[in-house]
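First comes the structure, then the notes that go with it.
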Amino acid sequence: MNEAFRQGVRLGIPFSLAGFLISLSFGALAVQSGFTPLQAIVMSAVVHAGSAQFAGLSIVAAGGGALPGILAGGLMNARFLAMGIALAPSLPAGPLVRGLQGQAIVDPSWALANRGDGTFDRWQLMGSTVPQYVGWLSGTIVGALAGEALGDTDRFGLDAIFPTFFLGLLIAELRDPRSRPVAAAGAAIALALVPFTPPGVPILVAAVAALVGLRR
């Protein structure tokens with residue numbers, strides 16, 4: 001096995017443990033929100049993106065419907081387009097093979113594989129994603145299948161995980177002077193619309209704030 005791949009696996013293990021706990025809450029909350037265990041598990045297997053999955057789940061759970069949930073998840077994952085463009089020159093072979101390798105992009109793996117000179121170690125990228133994928137999927141399976149046994153997730157604070165998850169993302173963006181206006185504008189738009197619009201609409205409209213970033 002490639003040494004860079006093995007190093008990536010080792011680097012990805014701590015992120016895998018954190019992902020297991022977060023996806024555990026996702027699985028339990030998804031089932032309590034009306035998903036079947038299979039639907040929750042398949043969503044994690046196919047999407048493997050915490051922010052997108054929690055965005056979609058929070059909208060569906062609030063009664064916003066599947067389409068707003070899918071659109072919100074798509075907007076959350078739009079960053080992967082830019083990350084993929086940056087990674088593309090470091091991937092060999094034809095478009096199909098490069099596209100398959102690009103499926104390994106998740107935020108920690110992309111950052112770990114970045115050599116700092118504009119190039120990426122593709123083996124380390126894929127290696128670090130493997131344990132993260134296993135942790136995320138296995139956490140969802142446990143949460144989805146054991147959700148009923150857990151009973152009221154409020155007792156364990158699982159109901160607070162995805163609001164806290166998004167709050168953490170917002171705080172991280174507020175620390176960056178370049179993204180601070182975008183994050184603040186998005187939060188303000190969403191808060192202003194919550195009392196007056198259907199679930200999901202505040203998130204979708206708040207994404208308009210990203211246009212501010214294009215002009216910076």
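How big is the Kirkwood radius of region 1-160, worked out from every pair of different alpha carbons and given in Å to one decimal? Its Kirkwood hydrodynamic radius stands at 16.5 Å. Label positions at Thr119 and Val142, each projected 7 Å from the Cα along the C-beta direction, are separated by 4.0 nm. Which FRET efficiency value, to the nearest 0.05, is calculated for Ala78 and Asn2 with the Förster distance at 25 angstrom and r the Cβ-Cβ distance? Efficiency, rounded to the nearest 0.05: 0.20. Shown in residue order for region 38-47 are the 3J(HN,Hα) couplings computed by the Karplus curve 6.51 cos²θ - 1.76 cosθ + 1.60 at θ = phi - 60°: 5, 4, 5, 5, 5, 4, 5, 5, 8, 8 Hz (x for Gly and Pro). Computed with every protein chain present, the accessible area of Thr36 is close to 60 Å² [probe 1.4 Å]. Once a ≥ b ≥ c are taken as the square roots of the eigenvalues of the Cα gyration tensor of region 1-50, is the result rounded (a/c under 1.5), prolate (a/b larger than b/c) or oblate (a/b not larger than b/c)? Here region 1-50 falls in the prolate category. In terms of Cα atoms, the Rg and Dmax of region 1-88 work out to 15.2, 48 Å. Take the Cα of Leu21, step 7 Å toward its Cβ, do the same at Ala66, and the gap between the two points is 3.4 nm.
The values are calculated or read from the model by the stated rules, or taken from the named source; none is laboratory data. Keep in mind that what you see is a predicted model, and the values were worked out from it rather than measured. Note that we place each Cβ from the backbone using ideal geometry, even for glycine, and neighbour counts take in every protein chain shown. Only protein heavy atoms, including side chains, enter the accessible area calculation; ligands, DNA and RNA are left aside. Shrake-Rupley method; radii C 1.70, N 1.55, O 1.52, S 1.80 Å.
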